[in-house]
Amino acid sequence: MELDAIDRRILREVQLNNRMTSEELGALVGLSATACQRRLKHLRAERVIEADVAIVSPRKVGRPLTTLVQVSLERERADIIDRFKAAIRDTPEIMTGYYVTGDADFLLVVTARDMEDFEQFTRRFFYENQDIKGFKTMVVIDRVKAGFGLPLEV
């Protein structure tokens, strides 16, 4: 799908605030509310807009511990990688997962209530999985920035 300047303006604005009305969005990008709704529907259908999400405060919901975990698999076979990707998708404690190049095979962002909760997670998710060679954990001290907004030139 080819994006024009109006599509890019719409995307830039909804990345900043996905709760505004079609009228408000239209006023910002120079379209009617109906035209904005049509474009948004098309952008969602084409998966340019993948999800409408809210950024929730981990502390406010009782999950203040965030960790970054590098995971190395025993072998790099398609079935093992696919199985691990499915496990990532099915595990609510894993907020984000990336299949990466470099020293590790995957990089995960994991949330927990506290260190004891994280330890239980590691026992269940990592130690019980025969396909995992090892993992390294970094504990987040401060979340400096959170979001999925992409820089878009108009």
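The values are calculated or read from the model by the stated rules, or taken from the named source; none is laboratory data. As the structure is a prediction and not an experimental result, all values here were calculated from the model. Glycine gets a Cβ as well: all are built from the backbone with ideal geometry, and neighbour counts include every protein chain shown.
Residues in segment 1-22 that are surrounded by 13 or more Cβ atoms within 10 Å (Cβ to Cβ) and assigned to a helix (DSSP H, G or I): how many? Please lay out each step first, then the result.
Residues of segment 1-22 that are surrounded by 13 or more Cβ atoms within 10 Å (Cβ to Cβ), as a first pass: 3, 6-15, 18, 20, 22.
From what is left, the residues that are assigned to a helix (DSSP H, G or I) are 6-15, 22.
Matching residues across segment 1-22 total 11.
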*Restricting the search to segment 105-122, which residues are assigned to a loop (DSSP other than H, G, I, E, B) and surrounded by fewer than 19 Cβ atoms within 10 Å (Cβ to Cβ)?*
ARG113, ASP114
*Could you grab me the full set of residues in segment 54-74 that are surrounded by 15 or more Cβ atoms within 10 Å (Cβ to Cβ) and of a type in the set (Ser, Thr, Tyr)?*
THR66, THR67
*Do we find that VAL48 is surrounded by 11 or more Cβ atoms within 10 Å (Cβ to Cβ) and within 30 Å of ASP103 (Cα to Cα) in this structure?*
no
_From VAL48, VAL53, VAL61, residue being under 25 Å from MET1 (Cβ atoms), in a loop (DSSP other than H, G, I, E, B) and modelled with pLDDT of 95 or more_ = VAL48
*What pairs come up if the first residue lies in segment 4-30 and is in contact (Cβ under 8 Å) with a residue 60 or more places away in the chain, the second is surrounded by fewer than 15 Cβ atoms within 10 Å (Cβ to Cβ), and their beta carbons are under 6 Å apart, counting only those six or more places apart or on different chains?*
ALA5/VAL154; ARG8/LEU152; ARG8/VAL154; ARG9/VAL154; LEU11/LEU152; ARG12/LEU152; GLN15/GLY149
_Would you confirm, using the coordinates I've provided, whether ILE10 is over 25 Å from ARG143 (Cβ atoms), touching a strand residue (DSSP E or B) at 6+ places or on another chain (Cβ under 8 Å) and either modelled with pLDDT of 95 or more or of a type in the set (Val, Ile, Thr) (or both)?_
no
*What residue, of PHE84, PHE125, is without any contact (Cβ under 8 Å) to a residue 40 or more places away in the chain and either surrounded by 16 or more Cβ atoms within 10 Å (Cβ to Cβ) or at positive phi (or both)?*
PHE125
*What are the residue pairs meeting all of these: first residue in segment 101-121, first residue among the basic types (Lys, Arg), second residue part of a strand (DSSP E or B), Cβ atoms under 9 Å, and 6 or more apart or on different chains?*
ARG113/LEU65
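Given the criteria closer than 21 Å to ASN17 by Cβ, exposed (fewer than 14 other Cβ atoms within 10 Å of the Cβ) and out of contact with any strand residue (DSSP E or B) (no Cβ under 9 Å at 6 or more places or on another chain), does ASP90 qualify?
no
It is to be established whether one or more residues within segment 77-87 are in a loop (DSSP other than H, G, I, E, B) and modelled with pLDDT under 95. Steps first, please.
The initial filter retains those residues of segment 77-87 that are in a loop (DSSP other than H, G, I, E, B), namely 77.
Filter once more, so that each one left must be modelled with pLDDT under 95: 77.
There is at least one residue in segment 77-87 that is in a loop (DSSP other than H, G, I, E, B) and modelled with pLDDT under 95.
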*Restricting attention to segment 98-124, which residues are farther than 20 Å from ARG77 by Cβ and over 18 Å from the mean Cα position of the chain (by Cα)?*
ARG113, ASP114, MET115, GLU116, ASP117, PHE118, GLU119, GLN120, PHE121, THR122, ARG123, ARG124
